[in-house]
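Written below as structure tokens is the structure these notes are about.
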Amino acid sequence: MGLVLIALYVSYEAVLRIAEPREVQGGLMLAVAVVGLGANLACAYVLHAGRKRSLNVRGAFLHVLGDALGSLGAIVAAVLIRVYGFTLADPLVAIGIAVLILVAAWQLVRESVDVLMESVPRHVDVADFERAIRELPGVLDVHDLHVWTLTSGYHAMSAHVDVREGADGQILLQALGRLAKQRFGIEHTTFQLEPHPPLLTIQPSMRG
């Protein structure tokens, strides 16, 4: 929400500057923008590694990245103002940056909703996942397959897998785990193996 408000405020100020152009000191603007770009790039570098593991870090990363884009846009605008006297460069660049911030904010909100709703990860095709499981040696069928999002970049799944009689359960579990992780990016897995034909349960006899 903060990113959206910032983008809207920047757009509002830019429109006011287009309607009533103001004098801009290109030299001072350029110097401040260069310092700001360096600081924001340093922060973005620190946050980059953890942006996929936490929505909070991702939000902070996007915020810093938006500031970095703002600084870069200010540099471009300052050069245009100093060299060509094109004062409209400042509000036009600001509007472009605001659009980029809104796009990034929308992606962050959508990802947050996926986590709250425990939605199926967007990169996982459940039908394709089922087919891949059935193709493994020893697998007869799969049912009750569920895939959901635990947190940003971390997903989970569970499934019941019918296996052929005599199949090595330990080897099959390892193959299922590799399939989920390497092909579908799912690390937290729960597979319940169900041998077929099912094991017989011997009931104790009742004697009078």
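The values are calculated or read from the model by the stated rules, or taken from the named source; none is laboratory data. All figures in this text were calculated on a predicted structure; none of them were measured in a lab. Heads up, the Cβs are rebuilt from the backbone with ideal geometry, glycines too, and the neighbour counts pull from every protein chain shown.
Restricting attention to the stretch 106-143, report how many residues are of a type outside the set (D, E, K, R) and at pLDDT below 75. Residues meeting the conditions: 10. Within the stretch 165-183, the set of residues being surrounded by 13 or more Cβ atoms within 10 Å (Cβ to Cβ) and modelled with pLDDT of 90 or more comprises 172, 173, 175, 176, 177, 179, 180, 181. Evaluate the stretch 9-27: report whether one residue or more is exposed (fewer than 13 other Cβ atoms within 10 Å of the Cβ), among the small types (Gly, Ala, Ser) and modelled with pLDDT under 80. Yes; the residues of the stretch 9-27 include at least one that is exposed (fewer than 13 other Cβ atoms within 10 Å of the Cβ), among the small types (Gly, Ala, Ser) and modelled with pLDDT under 80.
Results for (1) under 25 Å from residue 109 (Cβ atoms); (2) part of a strand (DSSP E or B); (3) among the basic types (Lys, Arg); (4) touching a Pro at 6+ places or on another chain (Cβ under 8 Å), shown as yes or no for each residue.
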{"position": "123", "(1), (2), (3), (4)": "yes, no, no, no"}
{"position": "133", "(1), (2), (3), (4)": "no, no, no, no"}
{"position": "145", "(1), (2), (3), (4)": "no, yes, no, no"}
{"position": "161", "(1), (2), (3), (4)": "no, yes, no, no"}
{"position": "167", "(1), (2), (3), (4)": "no, no, no, yes"}
{"position": "177", "(1), (2), (3), (4)": "no, no, no, no"}
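Here is a check on your reading of the model: is residue 202 farther than 30 Å from residue 63 by Cα, β-branched (Val, Ile, Thr), modelled with pLDDT under 75 and outside the structural domain of residue 61 (by TED's automatic domain parsing)? Considered against the rule, which asks whether it is farther than 30 Å from residue 63 by Cα, β-branched (Val, Ile, Thr), modelled with pLDDT under 75 and outside the structural domain of residue 61 (by TED's automatic domain parsing), residue 202 comes out as yes. Residues in the stretch 59-106 that are among the small types (Gly, Ala, Ser) and over 17 Å from residue 25 (Cβ atoms): 59, 60, 66, 68, 70, 96, 98, 104, 105.
Residue 187: modelled with pLDDT under 90 and under 19 Å from residue 129 (Cα atoms), yes or no? So residue 187 fits the description; yes.
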